[in-house]
Amino acid sequence: MLRETKSTCCYCGVGCGVIIEHDDDKIVGVRGDPDHPANFGKLCSKGSTLHLTAQSEIQHQVRALYPELRRERATPRHTASWDESIDFIADCLHQCIAEHGPDSVAFYVSGQMLTEDYYVFNKFAKGLIGTNNIDSNSRLCMSSAVAAYKQSLGADAPPCSYEDIDQADCILITGSNTAYAHPILYRRLEAARANNPDLKVIVVDPRRTETAQDADLHLAIQPGTDVALMHGLLHICLWEGWIQQDFIGQHTEGFDALKQIVRNYTPAKVAQLCGIREQDLLQAARWFATAKASLSLYCQGLNQSRSGTAKNSALINLHLATGQIGRAGAGPFSLTGQPNAMGGREVGGMANLLSGHRDLSNAEDRAEVARLWNIDDVPAQAGSTAVDLFEGLHKGRIKIVWIVCTNPAQSMPHQVRIRQALERAELVIVQEAYRTTATCDYADVLLPATTWGEKSGTVTNSERRISRVRAAIEGPGETRADWQIACSVAQALAARMQKPRIHFDYQSVEEIWNEHRASTYQRDLDITGLSYQLLNARGPQQWPFPEGAQTGQARLYTDFKFATSNGKARFIAMEYQTASDKTNARFPFVLNTGRLRDQWHGMSRTGTVASLFSHEPEPCAYLAPSDMQTRMLNEGDYICLRNERGSVVLAARASQQVQSGQIFVPMHWGQESVSGKQTAAHRAANKDKGDSLESVNLGISLGINLGINTLCSDAKDPISHQPELKYAHVRIEKLELP
Ligand code: SF4
């Protein structure tokens, strides 16, 4: 007898509701939840095949099913019991902390984790061990958007809702291929256009993506020139009298300093810097500033940069100067990449945060968290953020790293150095559902975790909406939920450290949720009213949702009182900065990376579904047709992309989407793409196409293929510490094969 369980899609930050169809031990289908306000029953290609990731034959080949460990690096891992694994980890952590101090240990966690898992790991690091060395792959994703919201508006709180898409008259999409990366949201935008013929859509992107092709205006800027563009738009608004002087005077501060900078960004200068036409700049400024309501949607194209915070702030400046905020259909709306990057920040699961949006640098906030956790204190010094964490491992400052639900050996920039860091670590603990990731190759201890369809908790999507995630079946083998694994080791370590007062003896995931939500009392994200009972009865809700509230808050700052100390939003004055890498005669091309429609991150999950390879069967380097010609490349020729950080072999393909001097490569494939799971699925999907994996195999046989992030710079934004994954200089070498 089939049953149905409501849950949430585990891929992107749209956070669509799903209904899982299953029996006692098998998931057989999935469909969109018509009652979920993120998707109203719709699912994209990834979400609608989620059930295949849970039932595929390949699934049994790719899952981590039993704990494995090795006590000596030179020996292979052997299957171990949970008790042996937990004792081994607790002993290693205890000895390391005693010999080298708490900061010799680090955790690298993930925006794929559920909020409750995140809460426990954060408490483990900061409360039990006493280190703030816990950071997340969200650092590679949203940290620049967060830093800019905090700088300009005073809080890590996207002010908009999905319903603003229906109500906007102008939508500026920048640094986002929304049609591919947030497909269900894009369908909402398509519906809004159908309902409102006056709605103007402007897309800013160096590539003529599917999103850009649909736009009323595409500004194909040169990579990295976003701040100059925003300043240019603001310059025109000032010149044309399109700014809202009353709003600026009453509700903001710092405009004069910004004006001094922006006056130099004339249309002619900006058009030349950005490589666009002056009249297009003028058109974009007019549509944005004079619309009744202008909304901006943005994502990694702004965030993944050493100027990521400045790019975000420059966009928010534009909203503030034109009064396009705090009203229906208006505001700066960052689209979250991962399913629970926001939930992770709500519990403070990063090196510079504390739970409940508390500030690590604030002594009162630290004391409050210490009281909540029943410990003496929380260390004041911020921990190592992602790039620095692996650098600390490389240099020996950090000895033990515990990696949860993420694959830094593929996803971090400058992969050669990351892999060296993992080799140098004294102990690498990897907690994973999939044993096939590149990072698992470095694990001294592999802890098998449950995954989508098997675990319960909550996630928060891009519009601050908290949804329940529910288990439909039990996990296979000896897999355990992430929070249970963390709590078991924490209890074993607490006994060794003689710290009995800190609580990890949770009996349920709901108990963790209740501890977390109680801790948000009177914070900006107050969710004290959001019990599981309420979420179960009334469905997903937006925060804030304090005790006694009847509904969450769709839109923030509607009274134009911002979350800063004096209630005024802040203009941030900054000059445009070039990217860290420079193109030159040696490295004349700019490499840009991004998502495909049907794959997710490193393909651990989507790589097990054969049909998801029919859209793009293999990794390619996309070049402008003119560059193919100049370089005497034919379709499918093998090229080596190279810079000072490494090299990657790919088949070349001409694309009208790519400008001359630029190269686009999808981010999904890595070395592990040929280690089993994708190969099997891939071949099944492409059995008529023969050699579709040839380019990846070729790279492996030449000993030079890692993921494309091998070539990306680890230069990082000085405020958000987000690395520059969207811009790297490279050269092309044509491979002459016999
Ligand atoms: Fe899942 Fe995102 Fe697709 Fe929705 S849009 S079904 S959340 S991948």
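Can you report the number of residues in the stretch 43-100 which are more than 16 Å from the ligand (Cβ to nearest atom), part of a helix (DSSP H, G or I) and modelled with pLDDT under 95?
Number satisfying all stated conditions: 7.
Go over the candidates Ala268, Ala191 one by one and state the one that is surrounded by fewer than 18 Cβ atoms within 10 Å (Cβ to Cβ), within 16 Å of the ligand (Cβ to nearest atom) and assigned by TED's automatic domain parsing to the domain that holds Tyr298.
Result: Ala191 is the single residue among Ala268, Ala191 that is surrounded by fewer than 18 Cβ atoms within 10 Å (Cβ to Cβ), within 16 Å of the ligand (Cβ to nearest atom) and assigned by TED's automatic domain parsing to the domain that holds Tyr298.
Looking at the stretch 623-638, I want the residues that are of a type in the set (Phe, Trp, Tyr) and have a partner that is in a loop (DSSP other than H, G, I, E, B) with Cβ atoms under 6 Å, at least 6 apart or on another chain. Which pairs are those?
So the pair list comes out as Tyr638/Leu735.
Would you be able to tell me the number of residues in the stretch 18-42 that are near the ligand (Cβ under 10 Å from one of its atoms) and surrounded by 21 or more Cβ atoms within 10 Å (Cβ to Cβ)?
Residues in the stretch 18-42 being near the ligand (Cβ under 10 Å from one of its atoms) and surrounded by 21 or more Cβ atoms within 10 Å (Cβ to Cβ): 6 in total.
For the stretch 142-173, name all the residues that are surrounded by 24 or more Cβ atoms within 10 Å (Cβ to Cβ) and either at positive phi or modelled with pLDDT under 95 (or both).
Correct list: Met142 only.
Regarding Leu114, is this residue assigned by TED's automatic domain parsing to the domain that holds Trp483, within 15 Å of the ligand (Cβ to nearest atom) and at pLDDT 95 or above?
Yes; evaluated as a whole, the condition is true for this residue.
If we only count strands (runs of 3 or more DSSP E) wholly inside the stretch 645-738, which ones have 1 or more residues that are more than 26 Å from the chain's Cα centre (by Cα), at pLDDT 50 or above and on the phi < 0 side of the Ramachandran plot?
Because the criterion is at least 1 residues that are more than 26 Å from the chain's Cα centre (by Cα), at pLDDT 50 or above and on the phi < 0 side of the Ramachandran plot, the strands (runs of 3 or more DSSP E) in the stretch 645-738 that meet it are 646-654, 728-734.
Which one is nearest to the ligand (Cβ to nearest atom), of the residues in the stretch 1-17 that are of a type outside the set (A, V, I, L, M, F, W, C) and surrounded by 15 or more Cβ atoms within 10 Å (Cβ to Cβ)?
Tyr11
For the stretch 537-558, how many residues are among the aliphatic types (A, V, I, L, M) and within 16 Å of Ala38 (Cβ to Cβ)?
Qualifying residue count, the stretch 537-558: 1.
To keep it simple, each residue is scored yes or no on (1) in contact (Cβ under 8 Å) with a residue 12 or more places away in the chain; (2) of a type in the set (Phe, Trp, Tyr); (3) under 22 Å from Cys9 (Cβ atoms); (4) assigned to a loop (DSSP other than H, G, I, E, B).
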site: Leu525; (1), (2), (3), (4): yes, no, no, yes
site: Leu530; (1), (2), (3), (4): yes, no, yes, yes
site: Gln533; (1), (2), (3), (4): no, no, no, no
site: Glu547; (1), (2), (3), (4): yes, no, no, yes
site: Phe562; (1), (2), (3), (4): yes, yes, no, yes
site: Asn566; (1), (2), (3), (4): yes, no, no, yes
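The values are calculated or read from the model by the stated rules, or taken from the named source; none is laboratory data. Just so it is clear, the model here is predicted, and its values are computed rather than measured. Using ideal geometry, Cβ is built from the backbone for each residue, glycine included, and neighbour counts are taken over all protein chains shown.
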